[in-house]
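Structure first, commentary second.
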Amino acid sequence: MKKWQGFLTVTMALGLTVSLAACGGGDGDKATDASKGSGGDTTNVANKDKPLVWFNRQPSNSSTGELDKAALSFNDNTYYVGFDAKQGGEVQGTMIKDYIEKNIDTIDRNGDGTIGYVLAIGDVGHNDSIARTRGVREALSTGVKEDGGINSKPVGTNTEGKSKAVKDGEIEVKGKKYKIRELASQEMKNNSGATWDAATAGNAIGTWSSSFDKQIDVIASNNDGMGMSIFNAWSQENKVPTFGYDANSDAVSAIKEGYGGTVSQRADVQAYLTLRVLRNSLDGVDMDTGIGKADDAGNKLGSDVYKYDKDERSYYAMNVAVTGDNYNDFTDSTKIDKAVSNQLGKENSPEKKVWLDIYNSADNFLGSTYKPLLEKYDKLLNLNVEYIAGDGQTESNITNRLGNPNEYDAFAINMVKTDNGASYTSILNQ
C-alpha cells in the first residue's frame, strides 16, 4: 500500500508542475528560470544562461544598420534597451525646422537668401548617429535617398552645393522661399579613434568659421557633448543657434544663453529599463512587471514614454524636444521617473550582483546623466552593480575586465562598436 501512496504522490506532484508551467504571463514575455526566480541561488547557473541586457548601443552592422539577431537573442533572458532612434531623429530635425521658420526674419546672417548649416556627426557607423543625421536632412529637405534610406555620410565641405551626399533644400515662410544648404559636416573622431569627440567638434567649428563665417546660420549636432563644445567655442558669442541631443544638464541650462535646443531621449526611462529587465529576469517574473503593469511596490511606466518591439527584443524610450518653451522641466537630467521610484522589497527581489560597463568614461551623456541615474535605480531595485569604465576606443579595454563572469548574476553591456557583440558573448559561452 505504501508503494502505491508514494507513486500517487509523485504523480500528483508532476501533474501540478505541468499545470503551473502551462500558466502564461499574459501578453508579456516570461523570464526564464535560469536564475531560479524570486532571487534564488545563481551560483550554479551557466554564464551563457544568465540575464543579459545590451544598452545604449544596439548590436548591429555598423555599415548597414542591420540588427545582430544572434547577439539580441543570445539566450532567453537577453534584451536591448535604448530609445527610438528614428523618432528621435525626426524630433530633432523638426525642432530645427520650426526654429528656422519662427526666426526667419533674423536667422539669415548675411542676407543671401540661403540658410546655411553645419553638422557635427558622432559616429558614421552608429545607428543613433545615422538616425539623427537623417532626421535633420529629411526635415530640412537636404537629404538624398540611397539604398532605401537617406544618405547619412559626411560631406566634408559643401559651400558650393555640389556634394552628391546632400542636396540644397527649400523652405517657404511668409510667402518667400529660402534655400537651405548643408555647408559642411564631418565625423567627430579624434586621433586615438574615439568618436562623438567634443574637442574635435570644437576644433571643427574653428576651421569652418574661419572659412565661411557669415554663411553659417544654424548648427546641428548629433549630441550635446559636441554641440556644447561648438557653442562654447564659437556659436554663443556669434549668436548662432546650436541644436544638440541628449538633454544634458549643461545644454539645457545653456538654452537661456542662446543654445537653440536639444532632445531628451528620456535617459531616466532608459536607465530604469536597463536594470529593470535584469531584475525581472533574475526574479523569474513576467517581463512586463514594473514596466507595463505595476509591481508589488507600485512601479509602472507610463505607456507614452516607451515601447517594446518583440521581434527585436528591444525596449525603446520615446524622445521629447527641449526648447525655450519647456527647458525648465528638464534642468535636472539625473532626476528619476517618479512613476518608478518605489523601493522593491528584498523578500521577493533580494540583492544580486551585476556587471555593467560604460563604453566611454569620458562621454558626457553616459558619465553625467546615464550613470548617475543607474546608480539611483540600482538601489531601488536591490542590485549591487559593478561599474566598469571603458576608454571609448577598444573593446578589449572592457572585455579584459570580464575575466571571471562566474562572480556575477547578470550583465549589462555598452559596446564600443555595435558590431562587436560576439566579443562579449564568446566570454559568456566559455
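The values are calculated or read from the model by the stated rules, or taken from the named source; none is laboratory data. Every value quoted in this text rests on a predicted model; they were computed, and no experiment measured them. In this analysis, Cβ positions are derived from the backbone assuming ideal geometry, glycine residues included, and neighbour counts consider all displayed protein chains. Please note that ligands, DNA and RNA were not included when accessible areas were found on the heavy atoms of the full protein model with its side chains. Shrake-Rupley method; radii C 1.70, N 1.55, O 1.52, S 1.80 Å.
What is the Cα centroid distance between the stretch 48-127 and the stretch 362-430, reported in whole angstrom? Between the Cα centre of the stretch 48-127 and that of the stretch 362-430, the gap is 21 Å.
If you run the Gaussian network model on the chain, springs between alpha carbon atoms under 10 Å, then out of 326, 77, 190 the most flexible one is 326. The angle between the Cα long axis of helix 85-102 and the longest principal axis of the Cα atoms of the chain comes to about 30 degrees, rounded to the nearest 10.
The label-point distance for residue 361 and residue 190, in a model that sets each label 7 Å from Cα toward Cβ, rounds to 1.3 nm.
Taking a straight Cα-Cα cut-off under 13 Å and skipping sequence neighbours fewer than 8 places away in the same chain, the aspartates and glutamates within cross-link reach of residue 239 are 108, 213, 217, 257.
Surface composition of the chain: carbon plus sulfur atoms contribute 47% of the solvent-accessible area (1.4 Å probe, protein chains only, all chains present). Run lengths n ≥ 4 of DSSP H only: what is the helix-derived mean residue ellipticity at 222 nm for the chain, with -39500 (n - 2.57) per run over all residues, to the nearest 500? Value at 222 nm, helices only, nearest 500: -8500 deg cm²/dmol.
Taking 18 Å as the cut-off, the amide N atoms of the stretch 167-197 that come nearer than this to a point 7 Å along the Cα-to-beta-carbon line of residue 105 belong to 172-178. Measuring how big the stretch 56-136 is from its alpha-carbon positions, Rg and Dmax come out at 17.6, 59 Å. According to the calculation over all Cα-Cα pairs in the stretch 233-353, the P(r) per 5 Å bin from zero is 2, 10, 19, 18, 14, 12, 9, 7, 5, 3, 1, 0 %. Between residue 393 and residue 174, the simple label model (points 7 Å from Cα in the Cβ direction) yields a spacing of 5.1 nm. For GluC sites (Glu not before Pro), the sites in the stretch 97-186 that DSSP calls loop and that have at most 12 other Cβ atoms within 10 Å are 160.
Charged neighbours of residue 417, selected by a Cβ distance under 12 Å, balance to -3 (K, R count +1; D, E count -1). Write down the Kirkwood hydrodynamic radius of the chain, to one decimal in angstroms, obtained as one divided by the mean of 1/r over all alpha carbon pairs. Hydrodynamic radius (Kirkwood, Cα pairs) of the chain is 23.0 Å. Applying 0.36 nm per residue to the separation of residue 76 and residue 160 and subtracting their alpha-carbon distance, the gain on full extension is 24.9 nm.
Its Cα gyration tensor gives the stretch 282-430 an equivalent ellipsoid, and the semi-axes of that ellipsoid, as √(5λ) in whole Å with the largest first, are 26, 22, 16. Between 330, 157, 316, the Cα set farthest toward the positive side of the dipole of the chain (charges on each charged residue's Cβ, about the Cα centre) is that of 316. For the stretch 206-250, the fraction of C-alpha pairs farther apart than 12 angstrom is 58 percent. The region of the chain that goes longest without hitting one of the trypsin sites (Lys or Arg not before Pro) in a DSSP loop, each with at most 11 other Cβ atoms within 10 Å, is 1-161.
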